[in-house]
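Let me begin by presenting the structure, written as structure tokens, before commenting on it.
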Amino acid sequence: MPDSNDRREGWALKGRPEWVSETNRLTKFLDVDAVVPLDEASLLDHARRNTGLDDFGEDGWREHFRVLLKMIEAEAKLNFVGRVLTRSDMLTYLEARLNVTEAYKRHPEIDDEMVTEPVFILGFGRSGTTILHETLSQDPQFRSVRRWEGLFPWPSPEEATYETDPRIAKAQGRVDFVHGISPDWASMHAWGGDIPVEDIEFTYSAFFSEVWQLGYQIPSWERYFNQQSPDLHFTWHKRLIKLLQWKFKKPHWLFKNPTHMPRIPALLKAYPDAKIVLPHRDPVTTADSVINVGGVIVSWRTDDIFGENKTGDEWLDIDSRVKMWDDVMEWIDSGLMKPGFYGNIIYPEFMSDPMAAVGKLYDELRLTLTPGAAGRMKAFLDARHQGSHGNKNAYEKSAPTDPRTIEERRRYKRYQERFGVPND
């Protein structure tokens, strides 16, 4: 019996490009497992041949990789296009891992790099994290990871060629393929070869992240991941960042990753001087939007969207969502998150007067907002989406009188009152 409190019930994809539907239909009865293999041996061997390298680095990642492949095969119900995309992606991430390992072998001094006071944008997904990330990245004191360098991190990027590196076009080709599969995605989320990306999008090569249950319906992986220590994820995160800044560094890194929020203690263990940005938006609205985005992402690889194998409970279940903010409030009150090392930004305030909201955030983080940086941010916002700072994709919103909405409002009251978060 459908659960009326589960937003995934009743969600449907608006449609697919005809070529995608037809390709998946025509290949349905082929031996696609043999044509597009996803076994460990085949993937590792192909990555070695593509790079001419053999050392994947320390062995802690390999068990996670094996578990991931097993669960994708058992639960994800990939269609043909999804299987092709998956194999291509896995090879890219394995090749990145080989190259990162080789870089450290050739240049062990990379490990001496220091990462000072990085800034992390956390918060619920769909609370304006992407537009905030892009806006703040206009500040020259920040360096953000762009898609091309996250996918192809070696050779280490250099400042002189950073805007013209041929890897930008290579990454854009991957983006264009996804947009060809899913045109709706382009209207939902800023995504391009040269656009800053979330942390989970440049740490694929750790094969240990929440990203997998967001892109595939693999509930066994979601349970598996939540039983593990997140330290490996942040170890690989820092290893990659040191490599990327080796020949091109700025005073601070600017990261964005909503899924880090439940794991702030592990983040601060890896980066004790990190500054954390907490974006706030009506949590009922963000849950509505997460469903729409999640369904579209899953649709890239399967026809069975939100079928029997559903993932994403941590970001949809009211208990989990309330607990995230309860934990954040506890970490603030206990002193784990210290004044000057966290700041807040309210989505409606950012939308109505973005530069005033950014100015308040900088004051909380004890960062300097120069007139030049502010001017660059304003110019970016004026140009983006013809002045619209959010995504343009419509989605079904919860009715104010719905019993689920009323209960969620009650449960979120403490959080919204603490941070002054209005209802949309």
In the chain, what percentage of the DSSP-assigned beta bridges are antiparallel, given to the nearest 5?
15 percent
Rg from C-alpha atoms of the stretch 286-424, normalised by the globular rule of thumb 2.2 N^0.38 Å, equals 1.27
In whole angstrom, how far apart do the alpha carbon centroids of the stretch 116-157 and the stretch 274-323 sit?
21 Å
Quick one: accessible area per residue over the stretch 65-171, 1.4 Å probe, rounded to a whole number of Å²?
35 Å²
Segment V35-R48, length gained on full extension (0.36 nm per residue, minus Cα span):
2.7 nm
Taking only C-alpha positions in the stretch 304-358, Rg and Dmax in angstrom work out to 16.5, 46
Over the stretch 38-147: Kirkwood hydrodynamic radius from C-alpha pairwise inverse distances, Å:
17.2 Å
Let me know the whole percent of all Cα-Cα pairs from the stretch 98-177 that are separated by more than 14 Å.
73 percent
Heavy atoms of K238 accessible to a 1.4 Å probe, total area in Å² rounded to 10:
60 Å²
F234 - accessible surface, heavy atoms, 1.4 Å probe, Å² rounded to 10:
10 Å²
Would you rank E201, E330 by solvent-accessible area, highest first, keeping every protein chain in place and using a 1.4 Å probe?
E330, E201
Run the 1.4 Å probe and let me know the accessible area of D194, rounded to the nearest 10 Å².
50 Å²
Full-extension gain between T161 and K269, please, as 0.36 nm times their residue separation minus the C-alpha to C-alpha distance.
35.5 nm
Counting every C-alpha pair in the stretch 214-292, the percent lying more than 16 Å apart is 65 percent
The simple spin-label model distance between Q172 and R62, using points 7 Å out along Cα→Cβ, in nm, is 3.9 nm
Simple SL model, points at 7 angstrom along Cα→Cβ for R25 and E417; separation in nm is 5.6 nm
Kindly sort F306, F207, F80 by accessible area of their heavy atoms, largest first, with the probe set to 1.4 Å.
F80, F306, F207
Put K338, K250 in order of accessible area, largest first, probe 1.4 Å, and you get K338, K250
Report the equivalent ellipsoid semi-axes for the chain in whole Å, largest first, defined as the square roots of five times the eigenvalues of the gyration tensor built from alpha carbon atoms.
31, 29, 21
Of every hundred units of 1.4 Å-probe accessible area on the chain, the number belonging to carbon and sulfur atoms, as a percent, is 52 percent
Placing +1 on each Lys and Arg Cβ and -1 on each Asp and Glu Cβ in the stretch 224-308, then taking the dipole about the Cα centre, the residue among V277, M261, V296 whose Cα reaches farthest towards the positive end is V277
Using 0.36 nm per residue of separation minus the Cα-Cα distance, give me the extension gain between A190 and R223 in nm, one decimal.
8.9 nm
Pick out the long, greasy-scoring helices in the chain: whole DSSP H runs spanning 27 Å or more along their own axis by Cα, mean Kyte-Doolittle at least -1.0.
80-106
Relative contact order, percent, the chain [alpha-carbon distance under 8 Å, six or more residues apart]:
23 percent
In nm, to one decimal, how far is the modelled label at L336 from the one at D231, with both set 7 Å along Cα→Cβ?
1.6 nm
Can you give the local net charge around Q172? Use residues other than it whose beta-carbon is closer than 12 angstrom to its beta-carbon, Lys and Arg +1, Asp and Glu -1.
+2
Percentage of interatomic Cα-Cα distances in the stretch 279-331 larger than 16 Å
49 percent
Radius of gyration and Dmax for the stretch 166-277's Cα atoms, expressed in Å?
15.4, 41
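The values are calculated or read from the model by the stated rules, or taken from the named source; none is laboratory data. Source: prediction; values computed, not measured. So basically every Cβ, Gly included, is an ideal-geometry build from the backbone, and we count neighbours across all protein chains shown. All accessible areas refer to the heavy atoms of the entire protein, side chains included, with ligands and DNA or RNA removed. Shrake-Rupley method; radii C 1.70, N 1.55, O 1.52, S 1.80 Å.
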